[in-house]
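First up is the structure itself, then whatever we jot down about it.
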Amino acid sequence: MLTAPYNTVSVAMRLLCGVLLLLAPAPARAAPSEYELKAAFIYQIARFVEWPPAPQAGAPLQLCVLGGNPFGAALHTISGKPVGERKIEVALLDMDMDTRKCAMLFIANPAEKHLERIAALARGSGMLTLGDTPGFAQRGAMVNFFPEDGKIRFEINTVASRRAGLKISSQLLKLARIVEEETP
């Protein structure tokens, strides 16, 4: 829960600084990859979500990746990082694995055909669904990354996040493109 007053510039600067600090280049290191940036964004976004209480003290905030791992080793940069009283733990899931322990579920492109079913399962679960496939947020994912002018941006489906029982900071919402779901 965000208790201190934030303004849009402050939140934008914190988000940008957080991403840059996570990706601070070592000497002679190449620029961060697309998925290194997305991993850093996922961590920063997680910090601006009001999560349901942990099932038990010390329980991790589990980030699950479903349908393959486009991140490679990039997720190691955020594994163990704190989000409130919890720490991020990363799990790679096959399509037939249980997602109920996931606080965040990144749906990789090969799993996109199952998005509507996953979105239905996320309702009331407190699980944040994320992806980077065009149209994902309009189809029920809560956060979707997309390229724009050579940069990575994100869009948020606020209806889907409310249905899951999650509160996303209004300051983070100001930085996102807000999308609505398609009606069948």
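The values are calculated or read from the model by the stated rules, or taken from the named source; none is laboratory data. All of these numbers come straight from a predicted model, not from anything done at the bench. In this analysis, Cβ positions are derived from the backbone assuming ideal geometry, glycine residues included, and neighbour counts consider all displayed protein chains.
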Practice item. Working only within region 51-75, note down all residues that are closer than 19 Å to F145 by Cβ and free of Cβ contacts under 8 Å to residues at least 12 places away in the same chain. Key: A73
Study note, to complete from the structure: Flagged in region 37-50 as touching a residue at least 40 places away in the same chain (Cβ under 8 Å) and either on the phi > 0 side of the Ramachandran plot or crowded, with 20+ Cβ neighbours inside 10 Å (or both), in numbering order, are K38, F41, I42, Y43, I45, A46, F48, V49
Study note, to complete from the structure: Residue pairs qualifying under the 8 Å Cβ cut-off, at least six apart or on distinct chains, with the first in region 91-105 being β-branched (V, I, T) and the second being assigned to a loop (DSSP other than H, G, I, E, B), are T99/M127
Exercise for review: Within region 87-97, identify whether any single residue is out of contact with any Gly (no Cβ under 8 Å at 6 or more places or on another chain), assigned to a strand (DSSP E or B) and surrounded by fewer than 19 Cβ atoms within 10 Å (Cβ to Cβ), and answer yes or no.
Suggested key: yes
Check your understanding: Can you name the residue in region 123-162 that is free of Cβ contacts under 8 Å to residues at least 24 places away in the same chain and charged (D, E, K, R) and, of all such residues, is farthest from R177 (Cα to Cα)?
Key -> R162
**Study point:** Those residues of region 82-102 which are under 14 Å from the mean Cα position of the chain (by Cα) and among the basic types (K, R), in sequence order
**Key:** none
Revision key, fill the gap. Given (1) at pLDDT 90 or above; (2) among the small types (G, A, S); (3) surrounded by fewer than 16 Cβ atoms within 10 Å (Cβ to Cβ); (4) touching a Lys or Arg at 6+ places or on another chain (Cβ under 8 Å), G124 misses just (1)
Study note, to complete from the structure: Note on F154: of the conditions (1) of a type in the set (A, V, I, L, M, F, W, C); (2) touching a helix residue (DSSP H, G or I) at 6+ places or on another chain (Cβ under 7 Å); (3) assigned to a helix (DSSP H, G or I), unmet is (3)
